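Since every read-out is calculated from the coordinates, none of them should be taken as a lab result. Treat the numbers as computed from the prediction; the structure is a model and nothing was measured. Don't worry about glycine lacking a Cβ; one is built from the backbone with ideal geometry, like all the others, and counts go over all protein chains shown.
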Amino acid sequence: MINGHDYTEYIAEDGLKPSRNDLDKDGSGRNILNGLMYRTRIATKLKYSVSFLRLTADLLQQLEADMDSPFIQVTLLEGRSNRQVTRTYYTSTINEGVQRCIDGVTYYDGVSFDITER
């Protein structure tokens with residue numbers, strides 16, 4: 001769910017790909033004299049790559065309106081805890097896909113975006 005709208009049935013079969021991203025403290029990195037890695041993790045943030053099946057023009061318009069805020073509320077099943085969680089995410093790019101006209105109706109194929117936990 002994004003801002004209260006359920007898009008589950010429109011997500012492609014392999015369209016929800018999670019990854020964990022670490023945020024390291026300044027000064028983390030490799031020692032150039034001995035090659036050892038030093039790091040202090042500040043936080044781990046979740047990132048999802050989301051891909052959709054064919055969307056109608058109205059559905060794309062609703063999705064874009066839901067994504068219009070600088071931060072969005074997303075509810076999804078989290079693999080790590082195996083429960084539904086709601087977190088705040090942001091996105092910077094929405095791929096609107098390819099516009100198609102089929103029997104006089106406009107559709108969009110290949111809509112996708114990445115969301116990153118705030």
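Here Gln73 meets each of (1) in a loop (DSSP other than H, G, I, E, B); (2) on the phi < 0 side of the Ramachandran plot with one exception, condition (1). Against the criterion of being in contact (Cβ under 8 Å) with a residue 24 or more places away in the chain and either loosely packed, with under 11 Cβ neighbours inside 10 Å or not aliphatic (A, V, I, L, M) (or both), Ser28 does not qualify.
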